[in-house]
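Peer 1: So that we are looking at the same thing, I have put the structure below in structure tokens.
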Amino acid sequence: MTSARYELTAHAATVIAERGINAAWIERALTAPERIEPDAFDASLTHALVRIREREDRVLRVIYNALIDPPRIVTAYFDRRIRGQP
């Protein structure tokens with residue numbers, strides 16, 4: 001699961017498949033995030049958050065390195081601490 005718009009680390013590819021995260025949702029988070037946060041520990045990482053209506057408004061958090069081209073996704077998961085409001 002790769003795209004010319006972004007790259008996946010091996011870890012990201014594995015967890016995205018295991019968690020049933022659709023590639024279109026990843027692209028939605030990257031192109032139209034509802035919220036963006038800097039990473040608390042690594043200045044090269046950005047967190048993009050978007051609600052996924054198809055998954056009961058759960059909030060998808062995509063963590064990626066935007067300093068490289070194309071952006072490299074490190075991980076993605078549904079954030080259990082946030083629901084309905086990214």
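Peer 1: Please give the calculated 222 nm ellipticity per residue for the chain, where each DSSP H segment of at least 4 residues contributes -39500 (n - 2.57) and the sum is spread over every residue; nearest 500 deg cm²/dmol? Display every interim value, and only then the final one.
Peer 2: Numbers: 2 runs with 18 residues, N = 86.
Taking each H run of at least 4 residues, the total per residue is -6000 deg cm²/dmol.
Peer 1: Going by average Cβ neighbours within 10 Å, how do the peptides 30-40, 55-65, 70-80 rank, with the highest at the top?
Peer 2: Listed from highest to lowest mean packing, they are 55-65, 70-80, 30-40.
FYI, it's all coordinate maths here, none of it is from the lab. Just so we're clear, the structure is a prediction, and the values are computed from it rather than from any experiment. Note: ideal-geometry Cβ built from the backbone for every residue, glycine included; neighbour counts use all protein chains shown.
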